[in-house]
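Below: the structure, in structure tokens.
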Amino acid sequence: MRGAGFDLGDSRDRSYELHTEAAFALAERLTGVRLSSEVLPSATFLCGTAALPPRG
């Protein structure tokens, strides 16, 4: 995650300014697909949901 740009320093010194860019870089490293903010408006997203089993 550090290599993708996340600041993993001590919590007192941590910077959150580049978290969006770091998230895109990490996604590219994991998937091999380069994403950019220009691609997102025309992208198709697939998702699903699953119900939790009843308690008790």
Order by protection proxy (mean Cβ within 10 Å, highest first), peptides 23-32, 6-15, 38-47 | 23-32, 6-15, 38-47
Rounded to whole Å², per residue accessible area for the chain with a 1.4 Å probe reads 95 Å²
Quick one: angle between helix 19-31 and the longest Cα principal axis of the chain, in degrees between 0 and 90, rounded to 10, please.
-> 70 degrees
Using a 1.4 Å probe over the heavy atoms of the protein chains, calculate the carbon and sulfur portion of the accessible area of the stretch 12-51 as a whole percent.
-> 58 percent
By the Kirkwood definition, with r running over pairs of different Cα atoms, the chain has a hydrodynamic radius in Å of 14.2 Å
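The values are calculated or read from the model by the stated rules, or taken from the named source; none is laboratory data. Please read all numbers here as calculations on a predicted model, not as lab measurements. Don't worry about glycine lacking a Cβ; one is built from the backbone with ideal geometry, like all the others, and counts go over all protein chains shown. To get the accessible areas, we keep the full protein, side chains included, count just its heavy atoms, and leave off ligands, DNA and RNA. Shrake-Rupley method; radii C 1.70, N 1.55, O 1.52, S 1.80 Å.
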